[in-house]
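Notes to accompany the following structure.
Read-outs: derived from the displayed coordinates by stated rules, not from any lab. Since the structure is predicted, the reported quantities are computational estimates derived from the model, not experimental observations. Quick reminder, even Gly has a Cβ in these numbers, built from the backbone with ideal geometry, and neighbours come from all protein chains shown.
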């Protein structure tokens, strides 16, 4: 196995970044959709792509199907549209907000319904779904308004709710989530390709089930009614009929956190590194996750450690700058202070961490010197990790990646 003893700190930083990109590249939308040869010769004339990776996934469909695509609709986050898309005449692009929906999200939802309805009965639809779809496109049930949806979303995010809980709540309010969108389709067949950003890769949870063709029967149990008690009174509104797909609907998970992690492990082993740990265990409250990671690294043998998943964070009343990965990176830098033989990257695979331009952080045991420990703890408590990491040149900025399979944490222990 490759010795880590003589690798310089700067080199380890580059190794971590390169390995992170190896995982991300393995699940990029364009690559994954273009590789799905089973989609050929299915009479697919229309392509609807929704999510943070929508632009990349749509380009994969173009690579695979070419002129067979007669019309397209692409719904993605602001500033996530590939330049190659902008020159295409047969695709409409709508950019909207994430993680809190805005008025463009409602426009996108109505456009999605209209697009699905217009697919000819003799032709098929390719529906491409990635993380972020739940906020980016919405059509609310009668009795609900955008302001209420935005307030509910902000409250759930601030209280550290899981993506399952947030998506279940959105499904309750929506005409197009939980199998609703595919119910507007009357064509030959729907082929759904999904890049998963949820634990368990459940089609009914990804994008709040916008790519599902069946009712989300378990959502009631996942809704945190203690935080949104008004939904119990409004629950009768949701009983109004939601139609579900009558045409054949074929859903396939084409990318996941597991695929990315296995690619990272392969990358390291190919270069002679020993991989000691590779698990999707980043679920739970961030401080608990940080404590477990630090304990594993301090007790573990030299080598590489890989984690995947998505922690939750409880935010203060007026949070500062940063996201969960920046907070996790700063928390680990504090816990591992003085152990300068441990180096870590923590970053979101979509390239954005919270409402920032950074993907996460790059830290080691010497990122924070002893006299700045109290300052770092204060910044962390104020959810202002991004500011602290920027001051010590420890932010990791990747730009839009063309995928979204939750978060990756990679550590090297010399």
### Task
Subtracting the Cα-Cα distance from 0.36 nm times the residue separation, let me have the gained length for residue 370 to residue 288 in nm, one decimal.
27.2 nm
### Task
Rounded to the nearest 0.05, what FRET efficiency do residue 114 and residue 25 give with R0 = 25 Å and r taken as the Cβ-Cβ distance? Could you check?
0.10
### Query
Shape call for region 126-205 from the C-alpha gyration tensor, a ≥ b ≥ c root eigenvalues: rounded (a/c under 1.5), prolate (a/b greater than b/c) or oblate?
oblate
### Computed [θ] at 222 nm, deg cm²/dmol, the chain (DSSP H ≥ 4; -39,500 (n - 2.57); rounded to nearest 500)
-10500 deg cm²/dmol
### Message
Could you tell me the calculated FRET efficiency between residue 78 and residue 225, based on Cβ-Cβ distance and R0 = 41 angstrom, to the nearest 0.05?
### Response
0.80
### Query
Using a Förster distance of 30 Å, how high is the FRET efficiency between residue 70 and residue 263, based on the Cβ-Cβ distance and rounded to 0.05?
0.30
